[in-house]
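K.L.:
Sharing a structure here in C-alpha cells format.
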Amino acid sequence: MMGTVAVNGEVCRLEDLRLQDFLQSFFFGAGFFETLLVEEGAPMFLERHLARLRESLGAHAGCVHAPPPEVLTPEAVREALRRCLEADASLGPRFTGVAKLVAGDGRLLLSFRSLPPRPPEEGVALQAVEERCYRRGDPTLNHKSVSYLRQYAHLGRGTVFVNEAGELCEVPNGNLFFLVGDSVVTPPLEAPCLPGIIRSVLLVEGRLAGRPIVERPVRREQVGDVRGCVLTNSVSLALAVPRLLGRELPESHALAGHARAVVRESARRNGD
C-alpha cells in the first residue's frame, strides 16, 4: 500500500491513521471494500463499485456504521482521488494502478497500490478445489466484507470454491465464466458468489464471442463439457483459464480476449 490515503475525503498519510477510528472493521470485520482499476488517474466503473458498496452497507445497517452519504458519491470519491494523486509525487495525476475503498466505522478509506505483476502468458490455471466452506444460498458471500480470510487464504493457489451440491461458485479473487455448448455460463449469485463488477458488465452486454451469457449452476462433473473458461475481476478484467481441474481448455484465451474487449467497449461507451 502506498503512503497517501484519504479518510472521508481528507488527504493524510497512512502512518497517521489511528486504530481506534477503525475498531469495528479491525476487530469484527464489520465493513466492506471495493477494489478499482485506475488508469491515467481515472477510476474504472466507479459508479458501479459505489452502488455495490452502498447496497452492502444498506443490507447490514444494523451492524456496520456507514460513512456519511455525501462521501459515497462518485463526485466525492473522484475529488478525493484527485487530491491524493496531486499530493503525492510517487502517485501523480496520471497514476495507473489499484485504488481500494474501505467503508466502516463511519469512514470511507481510500488507499492505493501498484498493479499486480502481469499474469504469465499461459494464463491462470485452476487446479485445486475447496468444498468445505461454501454453502448454497449463503448471503454473506454476496458482499465483499473486510472479513476476507476465507478467500485470502487461497489467493494464488489456483483454487475453485465449490458448494455442498458440487457446484462451482467462484475463485478467491473473481467470478468464472464457462464456455459450455453454445452458451457462456456463469454461476448464479445463490451459488453463492460475489456480484462482481465485471460480471455485471458482461451480463448486461448479454453476449460474448457471439454466444449468449446465461446464469445457471455448473456442477463439478460437468467440467468435462467445458471448452473455455475466463476469470473476471475489476483489476485484471478478464484472464484466460487454460487448465481447469485437470482439463485443458483450448478456447480460453480467445474467450478472455473477447471479454476484455467487451468490458473496455462498455467502459468507453458509458464514460466509465
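The values are calculated or read from the model by the stated rules, or taken from the named source; none is laboratory data. This one's a predicted model, so the numbers in the text were calculated from it and none came from an experiment. Methodologically, a virtual Cβ is constructed for each residue, glycine included, from the backbone with ideal geometry; neighbour enumeration extends over all protein chains shown.
K.L.:
Out of the residues in region 130-148 that are of a type in the set (A, V, I, L, M, F, W, C) and closer than 24 Å to residue 244 by Cα, which is surrounded by the most Cβ atoms within 10 Å (Cβ to Cβ)?
P.N.:
141
K.L.:
Sticking with this one: Check region 87-110 and report whether any residue there is surrounded by fewer than 21 Cβ atoms within 10 Å (Cβ to Cβ), over 20 Å from residue 4 (Cα atoms) and β-branched (Val, Ile, Thr).
P.N.:
No, the conditions are met nowhere in region 87-110.
K.L.:
Can you tell me which condition residue 66 does not meet? The list is (1) touching a residue at least 60 places away in the same chain (Cβ under 8 Å); (2) in contact with a helix residue (DSSP H, G or I) (Cβ under 7 Å, 6 or more places away or on another chain); (3) at negative phi; (4) among the small types (Gly, Ala, Ser), and all the others hold.
P.N.:
(1)
K.L.:
Sticking with this structure for a sec: Has region 109-128 got at least one residue that is touching a helix residue (DSSP H, G or I) at 6+ places or on another chain (Cβ under 9 Å) and of a type in the set (Gly, Ala, Ser)?
P.N.:
Yes, there is a match, as at least one residue in region 109-128 is touching a helix residue (DSSP H, G or I) at 6+ places or on another chain (Cβ under 9 Å) and of a type in the set (Gly, Ala, Ser).
K.L.:
Something else: In region 97-109, what residues are touching a Phe, Trp or Tyr at 6+ places or on another chain (Cβ under 8 Å), part of a strand (DSSP E or B) and not basic (Lys, Arg)?
P.N.:
97, 98, 99, 101, 102, 103, 104, 109
K.L.:
Let me ask another. Looking only at region 235-272, how many residues end up being under 21 Å from the mean Cα position of the chain (by Cα) and within 15 Å of residue 180 (Cβ to Cβ)?
P.N.:
Total satisfying the criteria: 4.
K.L.:
Residues 216, 207, 211: which one is over 14 Å from residue 176 (Cα atoms), under 21 Å from the mean Cα position of the chain (by Cα) and surrounded by fewer than 21 Cβ atoms within 10 Å (Cβ to Cβ)? Explain how you work it out, then say what you get.
P.N.:
Details: 216 fails: over 14 Å from residue 176 (Cα atoms); 211 fails: under 21 Å from the mean Cα position of the chain (by Cα).
The conditions single out 207.
K.L.:
State which residue pairs qualify: first residue surrounded by 11 or more Cβ atoms within 10 Å (Cβ to Cβ) and inside region 1-19, second residue part of a loop (DSSP other than H, G, I, E, B) in any location, beta carbons under 6 Å apart, and separation of 6 or more residues or different chains.
P.N.:
As it stands, the answer is 4/88; 13/3; 14/3, since those pairs meet every condition given.
K.L.:
Same structure again: For region 29-75, how many residues are closer than 16 Å to residue 108 by Cα and either touching a Gly at 6+ places or on another chain (Cβ under 8 Å) or not assigned by TED's automatic domain parsing to the domain that holds residue 86 (or both)?
P.N.:
Of the residues in that region, 9 qualify.
K.L.:
Please enumerate the residues belonging to region 248-270 that are surrounded by fewer than 15 Cβ atoms within 10 Å (Cβ to Cβ) and more than 20 Å from residue 206 (Cβ to Cβ).
P.N.:
Listed by number, the residues that qualify are 248, 250.
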